[in-house]
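K.L.:
Quick one: this structure, given as C-alpha cells, is what I'll be asking you about.
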Amino acid sequence: MTPELTTRPAKQSDYDWLFELKMAADRSYVEPIFGWHPATQETLFAQEWQRTTPTIICLGNNRIGSYCIEQEDGKCFFRRFVIAPAYRGRGYGRHLVKTVLSAVSAQGQDCHVAVFHGNPVIGLYRSLGFHDRHQDAHFHYLVYSTKG
C-alpha cells in the first residue's frame, strides 16, 4: 500500500456505508437483468456480510472502498471490489488490485473474478493480467494465473 492507502477489516459501524456504496455501484448492472428490489438487495448484502467480512480501503482517515477475498472449492475469489466514485480514476483501485494479486500469488494461488457485462472495471483487470475464462448471459469470468 502507498503510505496514505491502508486497509482494515470492516466493523459493524461500516455496514450502512458499505451497503450504500455497493448499491450505488451495482444498481445500474443489476436492475436491467434482475430488476431492483431493495428488500432482496438488503437480504443478499446481509448474507454476504455473514459469509465474509469485507476489507475497507482507506485513504488517510477516509473510507474509499472495499473488497473481499474468499476461498471456495480450493480457489481464491476477489469479490465485491468497489471504489467510491469520488476516488475513481486516481490509481487507487489499480494499486489495491496489484497488492492483492501479489499476496495471492505469494500463496501460489490463481485469483478469480466475475464482472457484470458492461462494467468498465473489466479493463482494469485485463490490464493487470487477468484473462477471460468464460462468460454467461450476465458475467465475464476472469482469472489471474500465477503459472504465467
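Conditions tested, residue by residue: (1) touching a Ser or Thr at 6+ places or on another chain (Cβ under 6 Å); (2) farther than 21 Å from His112 by Cα; (3) surrounded by 12 or more Cβ atoms within 10 Å (Cβ to Cβ).
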{"position": "Ala46", "(1), (2), (3)": "no, yes, yes"}
{"position": "Gln71", "(1), (2), (3)": "no, no, no"}
{"position": "Ile83", "(1), (2), (3)": "no, no, yes"}
{"position": "Ala86", "(1), (2), (3)": "no, yes, no"}
{"position": "Arg90", "(1), (2), (3)": "no, yes, yes"}
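K.L.:
Which condition from (1) part of a strand (DSSP E or B); (2) loosely packed, with under 12 Cβ neighbours inside 10 Å; (3) not polar (S, T, N, Q) is the one that Ala39 breaks?
P.N.:
Against the list (1) part of a strand (DSSP E or B); (2) loosely packed, with under 12 Cβ neighbours inside 10 Å; (3) not polar (S, T, N, Q), Ala39 comes up short only on (1).
K.L.:
Where residues in region 121-136 are without any contact (Cβ under 8 Å) to a residue 40 or more places away in the chain and closer than 20 Å to Phe34 by Cβ, which of them is surrounded by the fewest Cβ atoms within 10 Å (Cβ to Cβ)?
P.N.:
Filtering region 121-136 for residues that are without any contact (Cβ under 8 Å) to a residue 40 or more places away in the chain and closer than 20 Å to Phe34 by Cβ, the one surrounded by the fewest Cβ atoms within 10 Å (Cβ to Cβ) comes out as Asp136.
K.L.:
If you don't mind, there's one more thing I want to ask. For region 86-117, name all the residues that are among the basic types (Lys, Arg) and within 25 Å of Asp73 (Cα to Cα).
P.N.:
Lys98
K.L.:
Considering only region 119-148, state which residues are polar (S, T, N, Q), more than 17 Å from Phe81 (Cα to Cα) and at pLDDT 95 or above.
P.N.:
Gln135
The values are calculated or read from the model by the stated rules, or taken from the named source; none is laboratory data. Given the structure is predicted, the values throughout are model-derived calculations rather than measurements. Counting neighbours? That spans all protein chains shown, and the Cβs are built from the backbone with ideal geometry, glycine included.
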